[in-house]
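Below is one structure, written out as structure tokens, with a few remarks after it.
Any read-out appearing in this document is the output of simple, stated calculations on the displayed coordinates, not a laboratory observation. These numbers were taken from a predicted model, which means no experiment stands behind them. Here the Cβ is made from the backbone with ideal geometry for all residues, glycine too, and neighbour counts use every protein chain on show.
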Amino acid sequence: MESIYLLNRQEFGSESNLGQVMTLEEAMELLSLWVKNDKLLFHMKQVGHLMKAYAASKGYDESMQHMWHLAGLLHDADWDQWPDQHCRKIIEELESRNIDPRIIRAIACHGPRYFGVEPVTEMEKMLYAFDELSGFVHAYSLMRPQGYEGMEVSGVKKRLKDKTFAAQVSREDIADASERAGIPVEDLIKFVIANQLRA
Ligand SMILES: [Fe+2]
Ligand SMILES: [Fe+2]
């Protein structure tokens, strides 16, 4: 079955906009206009936080960390009000605002099976890798009496094997993203547990 989300293009934004970003305040303003669902908003904040933390862990400078942050923060911005236009709507919005093409492309490849765009850069691969895993680890934290306290990689792995737990989270995508990123799923889980934004 062909995905209804296929973007049918591989080029996003314009090279002439390299280095053009929005401020955190501008991004939050866009989210407050577009996203009424608090859970979805929190998911994007969590993914943005992980992206920023990962860029920082790699020693990237502040402006690069901010780009990674924005990609995570905005990746599902259109899901609440225009689910059938996900993620075309946010891509077009960022293009109209002349935002850096690297941020737009990262958003365009956060679901290669759905959008038909392959993650190539590290930022693209990590957004894909953190997206489902962040949500999964969060779901696991909600069922643990102590939340994130004392959470272990093995506990998350056990839940991944239990197909009835957070069944909407695609195990296939998690495995695929880890392979593409070249980072074992255990290491990704460890990073998410250590760096996840908590409620
Ligand atoms: Fe998405
Ligand atoms: Fe997401």
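List of remarks:
- Over 19 Å (Cα to Cα) - which of 161/190; 125/190; 39/158 fall in this group: 39/158
- Computed extension gain for residue 144 through residue 113, at 0.36 nm per residue and net of the alpha carbon distance, reaches 8.0 nm.
- Translational D in µm²/s for segment 15-195 (Stokes-Einstein at 37 °C, 0.692 mPa s, Kirkwood Rh from C-alpha pairs): 198 µm²/s
- Dipole of the chain, positive end: most advanced residue of 99, 51, 154 [Cβ charges, Cα centre]: 154
- Evaluated with a Cβ-only charge set (Lys, Arg +1; Asp, Glu -1), the chain carries a dipole of roughly 720 debye about its Cα centre, given to the nearest 20.
- The calculated FRET efficiency for the pair residue 40 and residue 194, based on their C-beta separation and a Förster distance of 22 Å, comes to about 0.40.
- With Cα atoms, 0 to 90° folded angle of helix 62-74 axis to the chain main axis: 80 degrees
- Degrees, to the nearest 10: 24-34 long Cα axis against longest axis of the chain: 80 degrees
- Stretching residue 96 away from residue 64 to a fully extended chain increases their span by 9.4 nm, per 0.36 nm per residue minus the current alpha-carbon distance.
- Compared with the dominant Cα axis of the chain, that is its longest principal axis, helix 38-57 is turned about 90°.
- Comparing mean-square fluctuations of 105, 113, 144 from a GNM of the chain with C-alpha springs under 10 Å, the top value falls on 144.
- Prolate/oblate/rounded label for segment 1-52 (Cα gyration tensor, a/c 1.5): oblate
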